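One structure is given below, represented as structure tokens, and several questions about it will come after.
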Amino acid sequence: MNAPERRLTDALDPALLEQLAGGERSDPHWPEPQPIPPRGDIGEAAPFPLTLLPPALQSAVREVARFNKIPEASPALVGIGTLATAIGKRALVVERKGLVHHPALFLVGIAGSGERKSPAFRAMTQPLEHWALDAEPHWEVAVRRARARNAAVDSEIARLKRRKDADLEETAQQIEQLDAERLVVPPVPRLFSTDCTEERVFQMLHERHGAFAVMSGEGRPVFDAILGKYSGDGRTGDAVYLAGISGDTISRDRVGGGDGGPEERVIRRPCLNVCVMVQPDKYLEVAAHPALRASGALARIWPAWLPSMVGQQHERLGEPGLHAERVARYSTLVLDVLGHLPDQDQHGRPIPHQARLSEEATAARIDLHNELQDRMGDGGDLADMRDVGAKAVSQICKLALVLHVAANPNVLRQPDSEIDAATWSAAHCIGLWFLDEAVRVQRAAVEDPLLETARRTLAWLGRRDEATVTTRTLSLYAPRPRPDAKAASAALELLTDLGWLRAEPTAARRKPQYRLHPSGRSERKL
């Protein structure tokens, strides 16, 4: 550049030079913009720690994930939920003296439509279905026997009541003896329901001695019930879920009607397992519900926001099919657990197996508890998620019981056993993976949706060749899902407030045009 050209260049306004240079230099008259607040679900989840699962479960998860070309976390969480359902009230874990839990967990896989949620669910819950099918013939025989016996009892009681010359006391004793001969009609051999109202969940828990599950590869109806959409009175439907997962006594007292009179039912130490797959929009609707957050229902959920595999699920000629033998050990494991019948006490009540933490595992649990307390304190990274963090240790203890039984189901034949440090360490790591996911998902759910629209808008503007945008352009041409005119206008106004955009003075007031800050185009893809 010669001297006259250099003098002319030095005299030019820096903003004009920036325009002539393609906008790559910053404008000294346009201050640096403020960053958009970080997103609650920023980044992706770490890979699921598959190698920490017991061998039979690990092998099945790996094979189902390979065959269906899905994230390993998907079949893993269903497998854990299936084993927890199989164990039910057969065992409990002693977290510390005076605090015990059945393995009741609430697991949720979150993925969009087309992410192959159902194949993973079907494959991992198949042992529960096989158990139910195998039990049906015996159930049908037991139902016929009970109904026939009860009909005979009713007939004999009716005959006694018709006697006019009988002694009242003697007749009463005979009726009492006959009444004791009745047989309970057994419930349908089902271990879980896929779509159930809160009231029916209580009934099915009661009919099955307090152990049941709600499991579905399509969890929208389940969450609609929890949201109270079927109650008709504006209440949420999470009460039974809360008590069933916490193990708190559930009672149901109704006035009743007809000959039945009042209804009085109680379930002590219930064990309700929940494992569902659901789309992001439905889970975020639930996670953003203030009443469910306040009740503690959300804090008990272990979600996993599954990474998308769409576009990466290519097939090849000669690709091996499903290796059934790699899943068979897992199926045998679940059926072995279901086949265990606990001993009974003098009153005929089952005695659950008790698993206690070893001395090393107990010390590790205390360390984890104290670490989470520090993280939940003022200034800690879980200060805004105290409800979630406060439930983590107990949930990890339940998971430790599941891993303990899955590694050796024969322990159920003993009155008690000890969970060693290695099993606790595996449960600890997997539990913290779920905790991180719960925090990530919950933070995403409670933030203003406008922030995410603004982030997506800014990223899109940075990739465009044009430095200006209007509300109409954004609502018509932005990547899907596109914001409507109102949301687009709000996003552009927010970006203007933060300094990323500047309204052009020549644009009409009703149809403003915005210019993007030069730094917003610095990472534009050429």
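Between the helical axis of 55-68 and the dominant principal axis of the chain, each derived from Cα atoms, what acute angle in degrees is found, rounded to the nearest 10?
The two axes meet at around 50 degrees.
How far is helix 359-376 tilted, in degrees, relative to the longest principal axis of the Cα atoms in the chain, given as a value from 0 to 90 rounded to the nearest 10?
40
Determine ³J(HN,Hα), in whole Hz, for all residues of the stretch 240-248 in sequence, where each value follows from phi through the Karplus function 6.51 cos²θ - 1.76 cosθ + 1.60 and θ = phi - 60°; x replaces Gly and Pro.
These are the phi-based 3J(HN,Hα) values: 5, 5, 4, 5, x, 7, 7, x, 7 Hz.
If contacts are Cα pairs under 8 angstrom and at least 6 residues apart, what is the relative contact order of the chain in percent?
On the way: 791 pairs, mean separation 112.3, N = 526.
The normalised contact order for the chain reaches 21 percent.
Using modelled backbone amide H atoms (1.01 Å from N, in-plane), which distant-in-sequence or interchain residues come within less than 5 Å of Asn273's amide H?
Result for Asn273 returns Phe212, Ala213, Val214.
If Lys and Arg each add +1 and Asp and Glu each add -1, what is the summed charge of the other residues whose beta carbon sits under 10 Å from the beta carbon of Arg96? Walk me through the numbers before you get to the answer.
Numbers: positive: Lys97, Arg356, Arg365; negative: Glu95.
Combined, the nearby Lys, Arg, Asp and Glu give +2.
Which of the aspartates and glutamates could be linked to Lys391 by a straight reach, that is with a Cα gap under 20 Å, when you skip same-chain ones fewer than 8 residues away?
Partners found: Glu95, Asp238, Asp248, Asp367, Glu371, Asp374, Asp378, Asp381, Asp436, Glu437.
Right, here's the next one. Helix 325-339 versus the longest principal axis of the chain: what angle, 0 to 90°, nearest 10, using Cα atoms?
Long axis of 325-339 versus the principal axis of the chain: about 40 degrees.
Taking the highest mean first, how do the peptides 154-163, 69-78, 465-474 order by number of other beta carbon atoms within 10 angstrom per residue?
69-78, 465-474, 154-163
Now for a different question. Once the stretch 449-526 is represented by equal point scatterers at the alpha-carbon sites, with solvent omitted, what log10 I(q)/I(0) does the Debye formula produce at q = 0.17, 0.20 Å⁻¹?
Debye output, listed in q order: -0.57, -0.81.
How large is log10 I(q)/I(0) at q = 0.08 Å⁻¹ when the Debye formula is applied to the Cα atoms of the chain, each weighted equally and without solvent?
Debye intensities relative to I(0), on a log10 scale: -0.66.
Just to check I understand the Karplus step: with θ = phi - 60° and J = 6.51 cos²θ - 1.76 cosθ + 1.60, what whole-Hz values come out for the stretch 138-145, glycine and proline as x?
5, 5, 4, 5, 5, 5, 4, 5
Another question, if that's okay. Which peptide among 300-307, 175-182, 492-499 comes first, and what is the full order, when sorted by highest mean count of other Cβ atoms within 10 Å?
Descending mean neighbour count gives 300-307, 492-499, 175-182.
Among 236-249, 272-285, how do they line up by average Cβ neighbours within 10 Å per residue, starting with the highest?
On the way: 236-249: 20.3, 272-285: 22.8.
My ranking of the peptides, most packed first, is 272-285, 236-249.
When averaged across all projection directions, what area in nm² does the alpha-carbon convex hull of the stretch 328-380 cover? Walk me through the numbers before you get to the answer.
Values: hull surface 29.6 nm².
For the stretch 328-380, the mean projected area of the Cα convex hull comes to 7.4 nm².
Give the aspartates and glutamates whose C-alpha is closer than 17 Å to that of Lys164, dropping any in the same chain fewer than 8 places away, or say none.
Once the sequence-local aspartates and glutamates are set aside, what remains near Lys164 is Glu156.
Cross-link candidates for Lys69: which aspartates and glutamates have Cα within less than 14 Å, leaving aside residues fewer than 8 places away along the same chain?
Correct list for Lys69: Glu115, Glu315, Glu319.
No lab work stands behind these numbers, since they all come straight from the coordinates. It should be emphasised that the depicted structure is a prediction, and the values quoted were computed from it without experimental measurement. Virtual Cβ from ideal backbone geometry, glycine too; neighbours counted across all protein chains shown.
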